[in-house]
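Each remark here refers to the structure printed beneath this line.
Each value in this text was obtained by applying a stated rule to the coordinates, not by laboratory testing. It should be emphasised that the depicted structure is a prediction, and the values quoted were computed from it without experimental measurement. Glycine also receives a Cβ, built like all others from the backbone with ideal geometry; neighbour counts cover every protein chain displayed.
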Amino acid sequence: MFRSFLIFLTGCTSLAAGAVFLPLPTPFGVPLLLVGMALIVMASPSARTRLKAWRSTHRKSSAILERYEPYLPRAMRNAFDATHPGARLPGNERSETSNERDEPPPAHVEPRPH
């Protein structure tokens with residue numbers, strides 16, 4: 001719990017620094033904002049849910065975020081992947097041995113011979 005609090009606090013600090021640097025001519029604002037958002041999303045499930053809802057309603061902004069995702073470290077990239085509008089929440093993944101399929105059932109099934 002203390003670790004997630006520290007991650008959340010670091011994310012808030014990075015987000016605030018990114019907001020300060022954003023209007024300046026230096027290119028540090030956007031990366032700091034992305035790192036701050038990623039850290040907050042890693043530490044807070046409610047922030048993850050809110051960002052996922054925001055990304056589903058603001059597709060153009062979500063596309064900009066997706067453009068910068070490959071440049072983030074793996075842990076932060078995974079945090080943003082979990083907020084993608086089409087992503088499943090943790091615990092809702094299907095196992096590979098599951099009988100459920102994504103494709104529709106066949107139109108006609110031949111009876112098996114006895």
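Some values worked out for this structure:
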item: Sorted by Cβ neighbour density within 10 Å, fewest at the top, the residues Val20, Val35; result: Val20, Val35
item: Note, ³J(HN,Hα) from phi for the range 38-47, Karplus 6.51, -1.76, 1.60, rounded to Hz, x at Gly and Pro; result: 4, 5, 5, 5, 5, 8, 10, x, 5, 5
item: Table column - 3J(HN,Hα) (Hz), the range 56-62, Karplus curve with 6.51, -1.76, 1.60, x for Gly and Pro; result: 6, 9, 10, 5, 5, 5, 5
item: Nonlocal amide H pairs with Ala82, under 5 Å, H built at 1.01 Å; result: none
item: Extension gain (nm, one decimal) between Thr26 and Ser46, 0.36 nm per residue minus Cα-Cα; result: 4.0 nm
